[in-house]
Each structure stands twice: as C-alpha cells, then as structure tokens.
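Below you'll find the structure, written out as structure tokens, and then a few comments.
Nothing in this text is a laboratory measurement; each read-out follows from the coordinates by a stated rule. Bear in mind the structure is a predicted one, so any value in this text is a computation, not a measurement. All Cβ positions, glycine included, derive from the backbone under ideal geometry; neighbour counts span all protein chains shown.
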Ligand SMILES: Nc1ncnc2c1ncn2[C@@H]1O[C@H](COP(=O)(O)OP(=O)(O)OP(=O)(O)O)[C@@H](O)[C@H]1O
Ligand SMILES: [Mg+2]
C-alpha cells in the first residue's frame, strides 16, 4: 500500500534559525500520526510545508500520490487543515464560517446545508452555530475549526495542536472525534501535540522531534517498550557513581544517571529494586526517593533528548 | 476561479455591512473631503471657475486611495491573524484570492464614491462633459482604484506590522496626489514637478476623468493616458500576484 503522506528529508530555515532539519515522515492511509515535541521543535513549520503553505528548502513531499509543489491543487483538494492559532472571523456566525468554507470548495448550496447540519450535530455546537464566532469559548472555537476543515470531506487531516488550551472534557471530546473519523471514515490524520498522553491515546505512530530533528519514531508501545516494562527512578545525591557492570545484563533495558536522578529501565521492577538500591547505597550516595512506574512517552523523550518534555497543561 | 473570487468578495461584503464603525467612517469621510477640499481649498485657487466640479475627480481619486489603503489593511490583518491561510490551503487559483480582495476593496470604494458624488452635486458640482466623457471618467476611476488596491495588497504582503504598512503606504498616497494635477492645475508649478506629474498614474486618471466635470487643459492625449492606466493596472496586479506566490517561501 502506498503511503498517504510521504515526506522525504525536509529542511527549512528562517535566516539563522534552522526550524526543520532532515525530517522524513510516512503515514499510511487510515492511520493517525502524531508529531510530538516541545515548543519551537518545528512541528508547525513541518505542517506548513506538508499543507502547501511553506516551500521546503530541501526535500520532497507527496500526498495521496501527488507532489505538493508541482500538483498543489490536487493536493489541496484532499486535505483539511486546522491551524494552531485559530483563524476564525469574529464578525461571522459559525454557520456562515462553515458555509463560506463550503463555497470555497465549490460545494453546492443544498449539499452545504446538509453538511453543516451533520457537522454541527457531530461537534455538538447546537444553537450556538448561529452566534457570532467572536462570542465563542476556546472549546467551541476548536470544535468549529474541526467542523470547518471537515466541510469538504477531506481524505487527509492536518491538525496543528488540536487540543491546545482546552479543558480535560473538551480534550476527551476532540480525541473522540479524531478516533471516530479514523475508524468510521478511514481518514488519515497527522496531528501535532506536546501532550504525550495525547500522542499515546491517539496515534498509531509517534514521531518525537526536537530542535527540528526526528529523534525517535515508532508505535507508542514499541517506543515505550524500548525502555523496558518498568522504570525505576531514584532521586537524591549521586556524586560517587559509576556505571555498574550489571547494566549490560539482559534485564536492564536502559540506564540514565545524573547527580540528582537515576532512571533504570528493567524487566520486572519489584524484583530488581533491592539490587539497585544496594548498589547505589554502597558507593556512598544518598537516596531520597524511590519509585517504580510504567514508562511513558515522556520518559522516551527524556531518554532521547536528555531533557524533560513538560506537558504544558 | 469565479466561484472562489465571488466567495471571498461576498465574505468581505458581509463583514463590511455588519461593521457599524467601518461603515460610519466610510460614510462621513467623503462628506469631509468634499467640504474641505472642494469648498474650502477651492476658494484659495485663482480664477473664478466652478471649484467643486474641478476638484471632484481629485476627491474621487483620494477616496479610491483611501479604500485601497483600507483594503491593504484588511488583507494585512487577515494575513497576520492567519485567516488568509484558510484560502491558501484551498484548491483555488492564487489569482482568485487576490481578485476577491481587490474586488471587495473596489466595491467599498464605489460605495463611498457614490456618496461623494451625491454630496458634491448637492454642493453644486455639475457634469459638463458629454456621455462619452462620463463613461471614460468611470472607466478611468475603476482602473485607478483597481491599480492602487493591488499596490496596497502588494505592500501588505511584505509588511511585518501594521505600523510598517502605514509607513510604506503613506509614501505614495498623498504625495502622489500632490505631484499630479488632481488638486490644482499644473500651469504655475515648476517644470520638474510637471515632469514628475507626467509619470504619475493620478495625472493619467485626471486627464481622462476631468473633462466630464470641468473645463480641462489637457497635458497629454486622453487615449495615451488611458493606455498608460491600463498598463499600470496590469503591472500592479502582476506585482501583487508574484509577491503573493512568493509568500510561501
Ligand atoms: N516565520 C518564521 N520566521 C522566523 N522564524 C520562525 C518562523 N516560523 C518559525 N520560526 C522558528 O522556527 C522554529 C520552529 O518553530 P515552529 O513554530 O515550527 O515550532 P513548533 O514546534 O510548532 O512550536 P510550538 O509548540 O510552540 O507551536 C522556532 O525556533 C521558531 O522561532
Ligand atoms: Mg506550533
């Protein structure tokens, strides 16, 4: 099967700032891909290049088998895009915003009406659809945006931080829509986020990017699996520490230590913890806290970049 | 192409008639222009002609320039806020996005021009030319308005901020009118200024438009002036379009 989105070695710089360097992304039809990364990682820049808004300095992109640069019209016909900063016109009602979107795509009036009714139902905007969008809450705006980019029944959705600034209920709501679009309509979705829970909840494949580089890519479970099934964390003062011999043994999947924190990925945390604590204590360090957790994508990110990906919510 | 242009135009018009502030400003502005330029400044000019009629084409040009500035502003606002991207990702010709904005600007401009004319006629302006003059005058005004609407858009495509935009626009807005025969006859100005005026789209427009309203001493053939105006429009749309295409890089 041919990938729906295929981007090869994309690069983009803005003057001195290299926003994206050598990113390749491949998304199969009907799957959800999440670009996960901190602020300034290059997520929006990548989306802008994929959606014909920005010309890459290097690399090539095909969507639905069409080249984004040479056949941009064919590409634009199949993509729906929502932007990170919402683009709603405050002086239009929600219904008008949807109607104008439909007109741009040459959808005839009766079809537009029917489509608006369906979408308003789907995103639950109800009577608010006839209010000026300037009066909408953040959650309503995100929902209207999603409805807007669905007006022309796209094959591929690009959602730049679709849940930014939303409360947990609204986040769950948007997640439900995205899952529904994937399972019921077979849509291909590429979204960006800095919430690892979001990537874990939605994505078939996650690409972790930082400083414009792809650090890790894979299914969430495979990425997390690389770290072992349990993660032992120790915090305290670890100034007299050398890497123990047993890190090369099979039950250790990862080892990462700083002067204040040690993280060890292991097969079964409860069984290995005594050995770990013994070792650390022997070398004359002070342990303050110990915990055993299941690793998350956040830990994968930390492992890859050496710094924590703060979930901003 | 047509549908997309119409959609973008319609969207602007819908917002325009909904925005009381903008609407009110646009209605009052032309009345002030006629009063200040036509009646006030007219008194200062030598001779005993019909000043309001003499000034009328210039005031219409000023109105068109004002609308063009507003149109560029609207585009810049959409660009900076990101509304423009909704059009940019749609499968529509880039030209239609441009034309939608230009037509919206020119429509607003003619809405104002209609008010200017009404006020001017109340203030005593008269049509002295024949129907041919009048038709030429309308064509010239449309060309002038389209040309400057495009130029304002071209400026708005590059500006980093609203302040920067106004700084740029100011450079060619009023100075251009003053360096033409729009507001006063060119008989008494220095030669260099007369030469400057010859290369000024405002002068070309006046050459074609004024005979419909007042006695006019031509400084070039109105056919040449009309041709120059057409070339100016083609050039300005081209500039705007190529800048628009370059916005993705
Ligand atoms: N138009 C631009 N001009 C100059 N620099 C830019 C431009 N757009 C992005 N950048 C820079 O490129 C880098 C990547 O930005 P980008 O918006 O792609 O990040 P992001 O991952 O979307 O971040 P966020 O999570 O904050 O949205 C940043 O350093 C940013 O400052
Ligand atoms: Mg972003």
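Shape summary: chain B maps onto an equivalent ellipsoid whose semi-axes, from the alpha-carbon gyration tensor, are 32, 19, 16 Å in decreasing order. Taking the average, over residues, of other Cβ atoms within 10 Å as the packing measure, peptides A:163-173, A:237-247, B:147-157 rank B:147-157, A:163-173, A:237-247 from highest down.
Peptide B:6-16 is shielded by partner chain Cβ atoms: per residue, an average of 3 of them sit within 10 Å of its Cβ. Secondary structure note: in the protein assembly as shown, about 70% of the DSSP beta bridges are antiparallel.
According to the calculation over all Cα-Cα pairs in chain A, the P(r) per 10 Å bin from zero is 6, 24, 28, 21, 12, 7, 2, 0 %.
Shielding value for B:79-89 is 6, the average number of Cβ atoms from other chains within 10 Å of each residue's Cβ. Working note: Cα gyration tensor of the stretch A:1-150, eigenvalues times five, square-rooted, sorted largest first, giving semi-axes of 31, 19, 14 Å.
In degrees between 0 and 90, to the nearest 10, how far off the longest principal axis of chain B does helix B:2-18 point, with axes built from Cα atoms? Tilt of helix B:2-18: around 70 degrees.
Calculated mean residue ellipticity at 222 nm for chain B: -24500 deg cm²/dmol, from DSSP H runs with n ≥ 4 weighted as -39500 (n - 2.57), summed, divided by the residue count and rounded to 500. Looking only at A:63, A:287, A:224, which one moves most when chain A is put into a Gaussian network model with springs between Cα atoms under 10 Å? Answer for the Gaussian network model of chain A: A:287. Shielding value for A:72-78 is 3, the average number of Cβ atoms from other chains within 10 Å of each residue's Cβ.
Please work out whether the stretch B:131-209 counts as rounded, prolate or oblate from its C-alpha gyration tensor, where a ≥ b ≥ c are the square roots of the eigenvalues and a/c under 1.5 means rounded, while otherwise a/b larger than b/c means prolate and anything else oblate? Judged from the Cα gyration tensor, the stretch B:131-209 comes out oblate (a/c at least 1.5, b/c at or above a/b).
With bins 5 Å wide beginning at 0, the percent of Cα pairs of the stretch A:175-265 falling in each bin runs 3, 11, 16, 16, 16, 13, 10, 6, 4, 3, 1, 0. Our helix-only sum for chain A, with -39,500 (n - 2.57) per DSSP H run of n ≥ 4 divided by its residues, gives a mean residue ellipticity at 222 nm of -10500 deg cm²/dmol. All distinct Cα pairs of the protein assembly as shown go into the 1/r average, and the inverse of that average, the Kirkwood radius, is 27.6 Å. Between the helical axis of A:168-185 and the longest alpha-carbon principal axis of chain A there is an angle of about 70 degrees. GNM on chain B, C-alpha springs below 10 Å: top fluctuator among B:58, B:129, B:66? Looking only at B:58, B:129, B:66, the biggest GNM fluctuation is shown by B:129. For chain A, the relative contact order works out to 20 percent when only alpha carbon pairs closer than 8 Å and six or more residues apart are counted.
Each Cα pair under 8 Å and six or more residues apart adds its separation to the average, and for chain B the resulting relative contact order is 27 percent.
Considering chain B as a Gaussian network with a 10 Å cut-off on Cα pairs, which listed residue, B:145, B:68, B:35, attains the greatest mean-square fluctuation? For chain B, modelled as a Gaussian network with Cα springs under 10 Å, the answer is B:35. Computed from Cα positions, the angle between helix A:109-123 and the longest principal axis of chain A comes to roughly 30 degrees. Quick one: Debye curve from the C-alpha atoms of the stretch A:228-294, no solvent, what's log10 I(q)/I(0) at q = 0.16, 0.20, 0.29 Å⁻¹? Values returned for q = 0.16, 0.20, 0.29 Å⁻¹ are -0.44, -0.71, -1.52.
Computed over all pairs of different Cα atoms, the Kirkwood value for the hydrodynamic radius of the stretch A:172-227 is 12.2 Å.
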